[in-house]
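Just so you know, all these numbers are worked out from the coordinates, no wet-lab data involved. For clarity, every value in this text was computed on a predicted model and none was experimentally measured. Using ideal geometry, Cβ is built from the backbone for each residue, glycine included, and neighbour counts are taken over all protein chains shown.
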Amino acid sequence: MIRSLLIAATFFLVNLPTHAQAKGQDTLLIALPAGNVEIKMMPKIAPKHVERIKALTSNGFYDDLGWFRVIEGFIAQTGYPLDSEKGEKGKSHLPDLPAEFSSYKFKRGTVGMGRSDNPDSANSQFFICLSDEGCKDLTGQYTAWGQVTKGMEFVDRLKRGTPPDNPDKTIHATLGK
């Protein structure tokens, strides 16, 4: 009995850093001009989209990109490169992703992937919902891959417009804590 408890305790302690590390790897941190935003990514419901966000973030793709579509009561959207260094025609150089629609309810702070009329056209653009009411019809129509856990007040301060005059930019995006 004591031996079993010792083995179980050792297993728990050995795996604890791995669990903590995995948790940090599923966190996206975005530095905005007004303050920092923390997003809990959801690889269980959108594994390909989370993997894409991680890859682009690791390569600095979102750094210095503008929030080109900020609509009061609806969404704030980024991920649209204007130069060929980061991508072309409003997306990265990576191939488009197949939809990973789910029943996860879009609400204030939900992070979803932008796309065209083609459900399988998500690439690098993502949006953050600014209100429950404005985003309620997006559930099952767009891929939800994250939820803001801290800093929504800083998203609320982004300049409005499509595009805004002199749009706010992401200072830096990084993974983990």
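What the table below lists for this structure:
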| read-out | value |
| --- | --- |
| Given charges at beta-carbon only (K, R positive; D, E negative), |dipole| of the chain in Debye | 620 |
| Alpha carbon centroid spacing (whole Å) that separates the range 113-177 from the range 56-88 | 10 |
| Listed residue (Tyr104, Ala31, Phe127) projecting farthest to the positive dipole end of the range 28-175, Cβ model | Tyr104 |
| Other-chain or far-sequence residues with amide H under 5 Å of His172's (modelled H) | Ala31, Asp64 |
| Efficiency of FRET between Asn118 and Ser84 - r from beta-carbon atoms, R0 22 angstrom, step 0.05 | 0.45 |
| Nearest-ten-degree value, helix 47-58 long axis tilted from longest Cα axis of the chain | 80 |
| His172-Glu133 pseudo-label distance in nm [points 7 Å out on the Cα-to-Cβ vector] | 3.9 |
| Crossing angle, helix 2-25 versus the chain [Cα axis fit, 0-90 degrees, rounded to tens] | 10 |
| Calculated FRET value between Ser103 and Ile71, using beta carbons and R₀ = 30 Å, to 0.05 | 0.75 |
| Where labels lie 7 Å past Cα in the beta-carbon direction, separation of Lys54 and Gln141 in nm | 3.0 |
| Gyration tensor (alpha-carbon) shape descriptor, the range 28-175, a/c threshold 1.5 | rounded |
| Most fluctuating residue given options Ser121, Ser84, Ser131, as computed from a GNM of the chain linking Cα atoms under 10 Å | Ser84 |
| Choice from Asp132, Asp83, Asp63 with maximal GNM fluctuation in the chain (Cα, 10 Å cutoff) | Asp83 |
| Selection of trypsin sites (Lys or Arg not before Pro), the range 23-95, meeting DSSP coil and at most 10 other Cβ within 10 Å | Lys44, Lys89 |
| Residues with amide H under 5 Å from that of Ile75, placed H, sequence gap 5 or more | Leu130 |
| Filter on Lys44/Lys86; Lys44/Lys107; Lys40/Lys105; Lys44/Lys91; Lys40/Lys107; Lys54/Lys169 - keep pairs with C-alpha separation over 22 Å | Lys44/Lys86; Lys44/Lys91 |
